[in-house]
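Structure record follows, encoded as structure tokens.
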Amino acid sequence: MKDSTLWNGVHRLAVRRGRCRGSSRLPTGVRPSAGERRAWRAAQVLVWGVGVVLLALLLFVPNVGIHAFWNGLIPVAPALLALAPGVWRNVCPMGSTALVARHAGLSRRRRISEASQARLSLVGVVLLLAIVPLRHVVLDTDGPATALAIAILALAAVVSCGHFEWKSAWCSGACPVHPVEKLYGTKPLVTVANAHCGPCERCVVTCPDSSVAMTPLSATPRPSARLAGRLMVGGFAGFVWGWFHVPDYAGGEGWSHLSTAYGLPLAGMAASLLLFTLLDYLGGPSRRRLVASAFAAAAIACYYWYRLPALVGFGPFPGDGALVDLRDSLPAWLPAASRAVTTTFFAWWFLGRSSVVRSWSIRPLERIADLGGHGVSLICGAGDAPRSGSTAPARRTS
Ligand code: SF4
């Protein structure tokens, strides 16, 4: 019997026994078919190859690399995280690189305690807030510096995934992109197969890939996780606004403008957090999700408010972040039209689709070895509690 057939047969058996929470509303743990897995592997290799080319361009043809990375790839990322976070999580080149060891059976597969996961989520937010202002200081104008930053993060990712089970330490832990994934990915357009994990080891408390309506506030009630969630939900919109009011500094000049580069985004974040706290207090628990959605919408709408016009030269600092300067050939009303479209779209995306309840990807089934043999249920519904709070290494199955 083919592996995937066996896997899906196991799933059907579990559903019949009422041990799997599969339903028509929630995605269930059916292993992707062999063809689907091959397609995802091909996509991972393709995107990984694009990542390697970008890295080479940043190092050896910095002018092209900077445009391709900062003005080509990165402006697409927030929209992709909002529309299809599961697709991004499946093909992210840094994640694919880091998880090679786990796929090859070389990871030590340690299980992280809930407290450490909470701390790692705060580390991810701190890294994000530290790295993004560095773009104005040096990264936006220096290809090798950007390549070095990516290489350092990739090394951290490889070491994390080499020690800890699946995505627990990096992709769902300290990765600085992960807080943004959780902020923007609350109402995805699609739920896809999980092309990395399998079988699911329940390595993360509230697995972001498999939980429906994931937000930064969905984390554990640990103080560090709650702080990380509030900083992102309440503060990121103001942080983005402040960031767009800092120019790019070139030639090392940025190091003498650190107070501006960090001060404006952080001041915007503080103001946004204050407003969020006030509205959250006034709205009460019943409106918490609505307020959080409004702030997520504000953050991504603010990003595209400035970023799309800047790509064609209409940014707050002409020339900064421009793919091509078309100010002389495009109509002056274009930035206003672009802002109206993107702001309306993201307001609708986050606030007008209240019935959308999806996870980023389908949780893979747990290990077949667990089926009925060790008193552990075959659980495959989305958003379930972790199987165990154990800090022992996960058992090996391959
Ligand atoms: S799907 Fe399972 S193995 Fe993968 S990150 Fe989530 S909990 Fe861990």
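The values are calculated or read from the model by the stated rules, or taken from the named source; none is laboratory data. Everything numeric in this text was worked out from a predicted model, so none of it was measured. Virtual Cβ from ideal backbone geometry, glycine too; neighbours counted across all protein chains shown.
Picking from Val240, Val246, which residue would you name as being over 30 Å from Ala42 (Cα atoms), touching a His at 6+ places or on another chain (Cβ under 6 Å) and crowded, with 22+ Cβ neighbours inside 10 Å? Outline the logic, then answer.
Details: Val240 fails: touching a His at 6+ places or on another chain (Cβ under 6 Å).
Only one candidate passes the filter, namely Val246.
Output yes when any residue across the range 181-193 is in a loop (DSSP other than H, G, I, E, B) and more than 16 Å from Val357 (Cβ to Cβ), and no when none is.
In the first step, residues of the range 181-193 are kept if they are in a loop (DSSP other than H, G, I, E, B); the result is 185-191.
From the residues that got through so far, the ones that are more than 16 Å from Val357 (Cβ to Cβ) too are none.
No, the range 181-193 contains no residue that is in a loop (DSSP other than H, G, I, E, B) and more than 16 Å from Val357 (Cβ to Cβ).
Please note which helices (runs of 4 or more DSSP H) are completely contained in the range 66-169 and include at least 3 residues that are more than 30 Å from Phe350 (Cβ to Cβ). Spell out the reasoning first.
Working: elements: 77-83, 85-91, 93-103, 114-137, 143-163.
Qualifying helices (runs of 4 or more DSSP H): 93-103, 114-137, 143-163.
Sort through Leu273, Leu308, Leu323 and tell me the only one that's surrounded by 15 or more Cβ atoms within 10 Å (Cβ to Cβ), among the hydrophobic types (A, V, I, L, M, F, W, C) and more than 29 Å from His67 (Cβ to Cβ).
Leu273
So which of Val15, Val91, Val64 ends up being at pLDDT 95 or above, surrounded by fewer than 19 Cβ atoms within 10 Å (Cβ to Cβ) and not charged (D, E, K, R)? Show your work before the answer.
Details: Val15 fails: at pLDDT 95 or above; Val91 fails: surrounded by fewer than 19 Cβ atoms within 10 Å (Cβ to Cβ).
Residue meeting the stated conditions: Val64.
Would you mind stating whether Ser218 is surrounded by fewer than 24 Cβ atoms within 10 Å (Cβ to Cβ) and either basic (Lys, Arg) or in contact (Cβ under 8 Å) with a residue 40 or more places away in the chain (or both)? Give the steps one after another, and end with the answer.
On the way: surrounded by fewer than 24 Cβ atoms within 10 Å (Cβ to Cβ): yes; either basic (Lys, Arg) or in contact (Cβ under 8 Å) with a residue 40 or more places away in the chain (or both): no.
No, not satisfied.
Name the residues in the range 216-265 that are over 29 Å from Trp166 (Cα atoms) and either part of a loop (DSSP other than H, G, I, E, B) or touching a strand residue (DSSP E or B) at 6+ places or on another chain (Cβ under 8 Å) (or both), would you?
Keep residues of the range 216-265 that are over 29 Å from Trp166 (Cα atoms), which gives 234-235, 237-265.
Within the range 216-265, Phe244, His245, Val246, Pro247, Asp248, Tyr249, Ala250, Gly251, Gly252 qualify.
Surrounded by fewer than 24 Cβ atoms within 10 Å (Cβ to Cβ) and more than 18 Å from Val125 (Cα to Cα): does that describe Gly254? Walk me through it before giving the result.
Details: surrounded by fewer than 24 Cβ atoms within 10 Å (Cβ to Cβ): no; more than 18 Å from Val125 (Cα to Cα): yes.
Here the answer is no, as Gly254 does not meet what is asked.
Among the listed residues Ala225, Ala193, which satisfies the condition of being under 30 Å from Ala39 (Cβ atoms) and either in contact (Cβ under 8 Å) with a residue 60 or more places away in the chain or within 16 Å of the ligand (Cβ to nearest atom) (or both)? Quick ask: steps written out before the conclusion?
Working: Ala225 fails: under 30 Å from Ala39 (Cβ atoms).
Of Ala225, Ala193, the one residue that is under 30 Å from Ala39 (Cβ atoms) and either in contact (Cβ under 8 Å) with a residue 60 or more places away in the chain or within 16 Å of the ligand (Cβ to nearest atom) (or both) is Ala193.
Would you mind telling me which numbered condition in (1) touching a residue at least 60 places away in the same chain (Cβ under 8 Å); (2) over 14 Å from Val132 (Cα atoms) Tyr281 fails?
(1)
Right, Gly373: at pLDDT below 95, within 16 Å of the ligand (Cβ to nearest atom) and surrounded by fewer than 18 Cβ atoms within 10 Å (Cβ to Cβ) or not? Talk me through it step by step, then tell me what you get.
Numbers: at pLDDT below 95: yes; within 16 Å of the ligand (Cβ to nearest atom): no; surrounded by fewer than 18 Cβ atoms within 10 Å (Cβ to Cβ): yes.
No.
Trp170 is checked against (1) more than 13 Å from the ligand (Cβ to nearest atom); (2) within 29 Å of Leu57 (Cβ to Cβ) and fails just one. What number does that condition carry?
All conditions are met except number (1).
Can you pull out every residue in the range 331-354 that is of a type in the set (A, V, I, L, M) and over 14 Å from Phe295 (Cα atoms)?
The initial filter retains those residues of the range 331-354 that are of a type in the set (A, V, I, L, M), namely 332, 334, 336-337, 340-341, 347, 351.
Answer for the range 331-354, where residues must be of a type in the set (A, V, I, L, M) and over 14 Å from Phe295 (Cα atoms): Ala332, Leu334, Ala336, Ala337, Ala340, Val341.
Hey, does the range 135-153 have a residue that's among the aliphatic types (A, V, I, L, M), within 16 Å of the ligand (Cβ to nearest atom) and crowded, with 22+ Cβ neighbours inside 10 Å? Spell out how you get there, then give the answer.
The first filter runs over the range 135-153 and keeps only residues among the aliphatic types (A, V, I, L, M), leaving 137-139, 145, 147-153.
So of that shortlist, the ones also within 16 Å of the ligand (Cβ to nearest atom) come out as none.
No, that holds for no residue.
Quick check: is even one residue across the range 198-215 assigned to a loop (DSSP other than H, G, I, E, B) and without any contact (Cβ under 8 Å) to a residue 12 or more places away in the chain? Don't jump to the end; show me each part of the working.
Within the range 198-215, the first condition is being assigned to a loop (DSSP other than H, G, I, E, B), and the residues that meet it are 198-199, 201-215.
Checking the rest, the ones that are also without any contact (Cβ under 8 Å) to a residue 12 or more places away in the chain come to none.
Among the residues of the range 198-215, not one is assigned to a loop (DSSP other than H, G, I, E, B) and without any contact (Cβ under 8 Å) to a residue 12 or more places away in the chain, which makes the answer no.
Here is a yes/no grid of residues against (1) modelled with pLDDT under 95; (2) more than 21 Å from the chain's Cα centre (by Cα); (3) closer than 30 Å to Asp248 by Cβ:
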residue	(1), (2), (3)
Pro318	yes, yes, yes
Ala322	yes, yes, yes
Val341	no, yes, yes
Arg353	yes, no, no
Ile362	yes, no, no
Leu378	yes, yes, no
Gly383	yes, no, no
